[in-house]
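Nothing in this text is a laboratory measurement; each read-out follows from the coordinates by a stated rule. The shown structure was predicted, so the numbers you read here are calculated from the model rather than taken from an experiment. Glycine gets a Cβ as well: all are built from the backbone with ideal geometry, and neighbour counts include every protein chain shown.
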Amino acid sequence: MKKFILALLIIMSCVSFALAEELSLTIDKEKGEIIIPAEVNGKYLVSPTKHALSYFKGGNGEKSIMRALVSEIDYYNALVELGAVPGDNIKAEDMKAKSSAEGKSTEGSKVSVFLTWEGSNGEVSLDDAIISTVANGEVRKLDLRFSGNLEFASKYHPGCFICLDSCAAGITTNAAWPTGAMNNKEVSFKGNPDTLPPDGTRVNVIVRLVK
């Protein structure tokens, strides 16, 4: 039965991907926020992934809890326009760390992320939309930073907006978990089906610069 449900979710995800369309993000300088149109990928309400939000046309577009309907390059430029400073301290070789003890945490301006959708009754924090499973120890709150990584994004086009660990690919990544944590299976992530709406639902991802 579980295999049938998973197969159905994958089929539904493929249909959603086919219907996805390119849209535009919104920048509100007074509020210091960016609003990114996206949609839920139901596959990752049951399967683990390190990607919270990825551009649907990018290499990791179908490996993420939510598909962004705008480019990660536009997102990078929007953060710069708000005055955010990229960390640019995580390199490809850092991703080879065997554990978080050997790894490195991302740097850069701190951001907070919230979601809304029709019927959400207000904003839902990304922390509440993600289930973190920790092998040993306590769940860590997200510590999202403007990691930068523009050169990597422009060259390889992974599409990564928000990664849930410190990462050399994502524009925004999570300093709470250093590189190596996922290689050592210290933590895993998936979308929270009790919080997020169903597969294919349009959502607004709100990224705010923390000052």
Which of the residues that make up segment 87-109 are under 11 Å from Thr173 (Cβ atoms) and hydroxyl-bearing (Ser, Thr, Tyr)? Ser105, Thr106
Can you tell me which residue in segment 114-130 is surrounded by the fewest Cβ atoms within 10 Å (Cβ to Cβ), limited to those that are in a loop (DSSP other than H, G, I, E, B) and charged (D, E, K, R)? Glu118
Identify, please: which residue in segment 177-196 is surrounded by fewer than 21 Cβ atoms within 10 Å (Cβ to Cβ) and in a loop (DSSP other than H, G, I, E, B) and is, among those, nearest to the chain's Cα centre (by Cα)? Asn192
Look through segment 101-113, keep the residues that are of a type outside the set (S, T, N, Q) and buried (at least 20 other Cβ atoms within 10 Å of the Cβ), and return whichever of them is nearest to the chain's Cα centre (by Cα). Val113
Determine which single condition Arg67 fails, assuming it passes every other condition in (1) part of a loop (DSSP other than H, G, I, E, B); (2) buried (at least 19 other Cβ atoms within 10 Å of the Cβ). (1)
